[in-house]
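The values are calculated or read from the model by the stated rules, or taken from the named source; none is laboratory data. As the structure is a prediction and not an experimental result, all values here were calculated from the model. Neighbour counts are summed over all protein chains in view; Cβ atoms, including those assigned to glycine, are modelled from backbone coordinates with ideal geometry. Surface accessibility is based on the protein's heavy atoms, side chains included, excluding ligands, DNA and RNA. Shrake-Rupley method; radii C 1.70, N 1.55, O 1.52, S 1.80 Å.
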Amino acid sequence: ALDIGHDLGRALLNARSFERERRLVDELRQLDSYKSTLIATLAHELKNPLTAILGHAEMLDASPELTPSARNSISAVERGAARMQRLVDDLLVLARAGDPHSAFNPAPVDLHAAVLDALDLMRVTINRKKLGVVVEAPAEGIRVMAESEGVERVVSNLVSNATKYTPEGGRITVRLHPTAREVRLDVVDTGIGISQSDQEHLFSEFFRSTNPAAVALPGTGLGLAIVKSIVERHRGRITCESTLGRGATFSVFLPRA
Ligand code: ADP
């Protein structure tokens, strides 16, 4: 009888602590959802005034009777507003990708074509930095079951990072590996690499490395958070392997069409 009482008491304690943990998890989820709503609302509210600022600055910039110093000021306003607009756009994409209530409409998407498009977008920088580019893909088309806009974002953010964080004369390799159920996309660069401790935070919103070689380059720290959010929306995975100073490999797994 003593033992039964003891076991019952323990079971009751376990149940209580389980209940406490469950409530804590619920509260954290709710806070996370408040945070996402707040960010999305702010980004949305900033969009219109920013469009107005940019529009008027561009109009002033085109006026012939500006003094050189006024022209400098206007162009500083334009640059600042354009930067803010990119940030706001990224925040809106992040909020949309992470919104569990937004409709998910996947369709077959040609991943090879998305890779070639992303490389094309970066062509000017690739040529300027004299980067070698290699694409390794099987001859037959590789299609994933995904939202095409999302796939384009994922591929172009990874290719753009590889281009950005690889010094002149480096190489970018993009590989496509289909398996029975998934396609693995590897974006490999020979750039500055990422330290072990930075790798733990890489996919967090606003994270930017303290590596001096990376800090010098402009960025918001939202690119990889967006990539991760989109990949998870597709029930895919993303991993990073890197050694500081010796390049990085990002691998994305998406469901095969
Ligand atoms: P951003 O590039 O705007 O800073 P990201 O979220 O795309 O934001 O990347 C976060 C950080 O991860 C970057 O600041 C950089 O330090 C590091 N990083 C991302 N991709 C690479 C890469 N291919 N090589 C080295 N570092 C990278």
Quick test for you: out of 214, 248, 225, pick the one residue that is near the ligand (Cβ under 8 Å from one of its atoms), within 22 Å of residue 119 (Cα to Cα) and in contact with a Leu (Cβ under 7 Å, 6 or more places away or on another chain).
225
Tally time: how many residues in the range 157-169 are of a type outside the set (A, V, I, L, M, F, W, C), within 11 Å of the ligand (Cβ to nearest atom) and free of Cβ contacts under 8 Å to residues at least 60 places away in the same chain?
3
Within the range 183-192, can one find any residue that is near the ligand (Cβ under 9 Å from one of its atoms) and open to solvent by 50 Å² or more (accessible area, probe 1.4 Å)?
no
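Okay, residues lined up against (1) loosely packed, with under 11 Cβ neighbours inside 10 Å; (2) over 29 Å from residue 88 (Cβ atoms):
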position	(1), (2)
20	yes, yes
25	yes, yes
30	yes, no
35	no, no
38	no, no
43	no, no
47	no, no
Is it the case that the range 245-255 has a residue that's of a type in the set (S, T, N, Q) and open to solvent by 70 Å² or more (accessible area, probe 1.4 Å)?
no
Pairs please, first residue from the range 179-192 and within 26 Å of residue 213 (Cα to Cα), second anywhere and open to solvent by 10 Å² or more (accessible area, probe 1.4 Å) and of a type in the set (Phe, Trp, Tyr), Cβ atoms under 7 Å, 6+ apart in sequence or on different chains.
187/250; 189/165; 191/165; 192/165
Do you know which residues across the range 193-230 are open to solvent by 50 Å² or more (accessible area, probe 1.4 Å), under 28 Å from residue 136 (Cβ atoms) and of a type in the set (S, T, N, Q)?
196
Flagged pairs (Cβ under 6 angstrom, 6 or more apart or on separate chains; first in the range 210-226, over 19 Å from residue 94 (Cα atoms); second within 6 Å of the ligand (Cβ to nearest atom)) are 213/192
If you scan the range 117-128, which residues turn out to be under 13 Å from residue 151 (Cβ atoms) and aliphatic (A, V, I, L, M)?
118
